[in-house]
Protein chains: 2
Amino acid sequence: MEYSKIYKDTLLNDVLPFWERNSVDTVQGGYFTCLDRNGKVYDTDKFVWLQGRQVWTFSMLYNHLEQRDSWLKIAKCGADFLKDKAMDSKGNFYFSLTQEGKPLVQPYNIFSDCFAAMAFSQYAKAYGNDEFRLLAKKTYLNILNRKDNPKGIYEKSTGERSWKNFALPMILSNLVLELEDVLNQEEIEKTLDFSIDEVMNVFLQNDSGLIYENVLQNGTLHDSFEGRLLNPGHGIEAMWFMIDIGARRNDKKLIRTATDTVVRILEHSWDPIYGGVFYFMDAKGHPTQQLEWDQKLWWVHLETLVALAKAYEQTGSEIIWAWYQKVHDYAWSHFPDPENGEWYGYLNRQGEPLLSLKGGKWKGCFHVPRAMYQCWKTFERIEKNRSDKTGTLKNCT
Amino acid sequence: MEYSKIYKDTLLNDVLPFWERNSVDTVQGGYFTCLDRNGKVYDTDKFVWLQGRQVWTFSMLYNHLEQRDSWLKIAKCGADFLKDKAMDSKGNFYFSLTQEGKPLVQPYNIFSDCFAAMAFSQYAKAYGNDEFRLLAKKTYLNILNRKDNPKGIYEKSTGERSWKNFALPMILSNLVLELEDVLNQEEIEKTLDFSIDEVMNVFLQNDSGLIYENVLQNGTLHDSFEGRLLNPGHGIEAMWFMIDIGARRNDKKLIRTATDTVVRILEHSWDPIYGGVFYFMDAKGHPTQQLEWDQKLWWVHLETLVALAKAYEQTGSEIIWAWYQKVHDYAWSHFPDPENGEWYGYLNRQGEPLLSLKGGKWKGCFHVPRAMYQCWKTFERIEKNRSDKTGTLKNCT
């Protein structure tokens with residue numbers, strides 16, 4: 001079977017039905033994300049990251065794939081809940097809520113806000129609604145305001161060693177493109193310039209070819225747990241954002257550096273014994289703080305498949321294709337649960353399910369369907385291109 | 001070899017020399033705790049929990065085992081550093097410092113303070129110093145002041161679901177006995193009453209016989225990630241604090257419930273496949289938030305050995321003895337590193353070292369030497385008692 005078909009089938013016949021069937025809270029609004037192996041709800045708390053991400057997923061599919069009423073209805077169920085329940089009086093987004101939407105955990109960082117902005121923007125487009133468009137813009141501007149002190153009063157660091165974290169420029173590079181209907185072109189290009197510069201010139205290290213998770217405010221490395229931390233999945237995910245931006249700008253150099261970096265990170269982070277990409281590593285090979293460092297996570301492998309598919313589309317490189325096949329074989333033989341649907345989220349180093357959940361506090365309806373969609377569309381182009389070429393060759397002979 | 005000898009030998013000839021040789025920062029004061037497999041320093045940041053705990057260990061050994069000048073000197077190196085560098089202007093203790101003692105992470109909870117108070121009290125006794133005695137008392141009073149809102153301004157919970165955490169009453173039950181020279185008898189007995197009541201009547205559940213890590217402020221259980229969380233090592237450690245208090249008060253009922261609870265927790269938390277005690281569990285068997293749930297940690301197994309040795313001393317129960325041997329065999333065959341000394345801290349579920357460190361951000365010179373000392377002394381009494389009985393029997397025949 002062609003790769004595009006595998007991803008399309010899995011998205012439409014396995015992953016989306018799993019979430020449509022199990023996650024929608026028709027009573028209180030919003031979504032249940034804590035779903036066990038069979039899709040049964042085992043916890044009813046609502047985590048704002050995942051509420052926003054699921055609104056985004058169903059709105060994006062409605063906008064880009066097919067205008068299914070059922071998808072819009074699911075998006076509406078979460079968008080209204082987010083708008084009505086998830087914001088404090090200053091427009092900051094809480095981290096978590098009870099099932100009914102009472103705030104549980106304060107807005108102690110800005111990632112809830114990032115996913116809410118993405119959600120509102122796609123949903124506004126799907127629903128054709130100015131209130132949500134405005135809310136997306138307002139939320140985005142609030143993120144920019146908070147970006148130099150994202151944790152606000154909850155910041156526990158004294159400032160003695162002041163960090164820049166990779167997540168923010170990485171997310172911004174994706175977020176502004178999600179907000180294309182909401183922001184003006186100048187704002188978008190300015191933020192893209194900023195993000196590309198931070199990601200490729202500050203966090204990506206020339207000598208090692210690796211991306212560090214934290215650097216000091218002045219951009220230098222620091223020899224401490226935080227300063228030595230590598231998060232291979234983060235780096236690889238950011239590289240497909242960069243490939244997309246490179247394609248948009250026709251920036252061949254950006255595409256080349258990004259694809260080289262995907263390969264470099266994989267060479268450094270592939271488990272030589274059991275296969276799969278490690279979750280965390282220490283740049284100097286010291287023990288990590290993260291006890292979960294050797295685990296194999298669903299999103300790391302899905303983002304890697306997306307990055308490699310896009311890298312292959314852009315370069316046709318055989319090295320990249322070999323890596324694609326290696327990661328494909330690992331991911332598709334370890335993560336899916338054909339019996340009950342969807343993908344396991346957390347495997348131990350040996351590749352066995354560590355937790356039986358299909359959704360939880362951090363895994364919702366986002367990485368699996370987004371990657372399925374991205375890989376499907378990328379392989380569709382690759383396969384079309386290949387068959388066009390075959391056609392051309394045939395015509396030539 | 002008698003068990004008492006194994007523990008004595010390991011403490012005096014392996015564990016203490018490892019820390020004496022590798023951890024003392026003779027230049028800046030305080031201790032390095034990030035030590036690799038061989039004892040080499042791989043990170044120089046100083047974590048206040050572990051600074052306090054190491055001062056305590058060397059002071060306690062000086063006070064109870066042998067007045068070695070070298071031990072007092074090591075204790076002084078940390079006690080002065082703690083006093084001079086680790087407190088903010090209000091007497092709260094930072095979480096971490098640079099090697100030179102500049103504050104890195106704010107006093108966002110009160111456990112640094114608990115270990116500092118223990119350290120100052122034992123050190124004041126060893127060094128015969130009133131300034132440290134006063135500091136111990138002041139720190140203790142500050143802990144009591146902060147105990148209803150231990151995270152202060154860093155509390156991220158909205159208060160919608162307000163928790164009591166098991167760690168505080170558990171630590172207090174041990175801490176007041178550490179401060180016996182500093183506090184008056186009434187204060188000690190009052191705090192012991194409070195701690196026993198919280199631990200045995202609030203956190204220990206009658207129906208399951210298990211100890212929950214979090215209950216609501218009104219003492220009831222709550223069906224959420226936090227509310228379902230079990231931390232078997234915590235529960236077992238608290239039970240040996242209760243056995244000690246029971247012995248002190250000649251409270252047979254407390255001793256009996258505590259020893260029963262050790263067995264109950266072990267029955268529930270022993271890994272039936274690979275052996276060892278799980279790190280975290282969900283009371284309803286749902287997936288935990290903690291990705292490290294299935295790992296086998298040094299402190300969990302050491303605290304279990306202490307609890308079982310004390311439980312056996314008090315009860316002579318064969319069930320407890322069978323558990324002691326099972327845990328002894330697991331722990332002594334998996335954690336020690338005979339080649340380089342000390343114990344590994346973190347094993348994966350299968351029992352292989354997950355991190356090669358001997359010390360880190362959370363593992364310092366504390367659980368291993370304390371457990372070695374406690375087991376040594378407990379087995380010395382058990383063995384003496386047994387040989388007295390044998391002697392008596394001999395005399396009788």
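General observations
- In the stretch A:41-65, the residues that are basic (Lys, Arg) and open to solvent by less than 20 Å² (accessible area, probe 1.4 Å): A:LYS46
- When restricted to residues that are within 11 Å of chain B (Cβ to nearest Cβ) and either closer than 15 Å to A:GLU213 by Cβ or in a strand (DSSP E or B) (or both), the stretch A:281-295 contains 8.
- Just one residue in the set B:SER317, B:SER208, B:SER224, B:SER269 is farther than 25 Å from B:CYS365 by Cα, within 14 Å of chain A (Cβ to nearest Cβ) and of a type in the set (Ser, Thr, Tyr); that residue is B:SER224.
- Residues in the stretch B:147-176 that are farther than 19 Å from B:LEU229 by Cα, assigned to a helix (DSSP H, G or I) and within 21 Å of the chain's Cα centre (by Cα): B:LEU172, B:SER173, B:ASN174, B:LEU175, B:VAL176.
- Condition met for B:GLU303 (within 19 Å of the chain's Cα centre (by Cα), of a type in the set (Asp, Glu) and in a helix (DSSP H, G or I)): yes
- Number of the exception - B:TRP56 against (1) touching a residue at least 60 places away in the same chain (Cβ under 8 Å); (2) within 20 Å of the chain's Cα centre (by Cα); (3) within 14 Å of chain A (Cβ to nearest Cβ): (3)
- The single condition among (1) within 22 Å of A:GLU213 (Cβ to Cβ); (2) surrounded by fewer than 18 Cβ atoms within 10 Å (Cβ to Cβ); (3) not aromatic (Phe, Trp, Tyr) that A:GLY391 does not meet is (1).
- Filter result for B:ALA116 (open to solvent by less than 20 Å² (accessible area, probe 1.4 Å), under 21 Å from B:LEU72 (Cα atoms) and without any contact (Cβ under 8 Å) to a residue 60 or more places away in the chain): no
- Filter pass, B:HIS328 being open to solvent by 10 Å² or more (accessible area, probe 1.4 Å) and within 30 Å of B:ASP45 (Cα to Cα): no
- From the options A:ASN38, A:ASN109, residue that is polar (S, T, N, Q), buried (at least 18 other Cβ atoms within 10 Å of the Cβ) and either within 14 Å of chain B (Cβ to nearest Cβ) or over 30 Å from A:GLU313 (Cα atoms) (or both): A:ASN109
- Test result for B:THR315, over 24 Å from B:ASP9 (Cα atoms) and touching a residue at least 60 places away in the same chain (Cβ under 8 Å): yes
- Listed by first and then second residue, the pairs linking a residue in the stretch B:150-171 that is more than 8 Å from every other protein chain (Cβ to nearest Cβ) and within 16 Å of B:ASN214 (Cα to Cα) to a residue that is part of a strand (DSSP E or B) and of a type in the set (Val, Ile, Thr), with Cβ atoms under 7 Å apart and 6 or more places separating them unless they lie on different chains, are B:LYS164/B:VAL215; B:PHE166/B:ILE211.
- Qualifying positions in the stretch B:123-145 - open to solvent by 40 Å² or more (accessible area, probe 1.4 Å) and either part of a helix (DSSP H, G or I) or hydroxyl-bearing (Ser, Thr, Tyr) (or both): B:LYS125, B:TYR127, B:ASP130, B:GLU131, B:ARG133, B:LEU134, B:LYS137, B:LYS138, B:LEU141, B:LEU144, B:ASN145
- Boolean, B:TYR274 is within 18 Å of the chain's Cα centre (by Cα), assigned to a loop (DSSP other than H, G, I, E, B), within 14 Å of chain A (Cβ to nearest Cβ) and not polar (S, T, N, Q): no
The values are calculated or read from the model by the stated rules, or taken from the named source; none is laboratory data. Because the structure is a prediction, the values reported are computed rather than measured. For neighbour counting, all protein chains shown are included, and Cβ atoms are generated from backbone atoms with ideal geometry for every residue, glycine included. These accessible areas exclude ligands, DNA and RNA; they are computed on the full protein's heavy atoms, side chains included. Shrake-Rupley method; radii C 1.70, N 1.55, O 1.52, S 1.80 Å.
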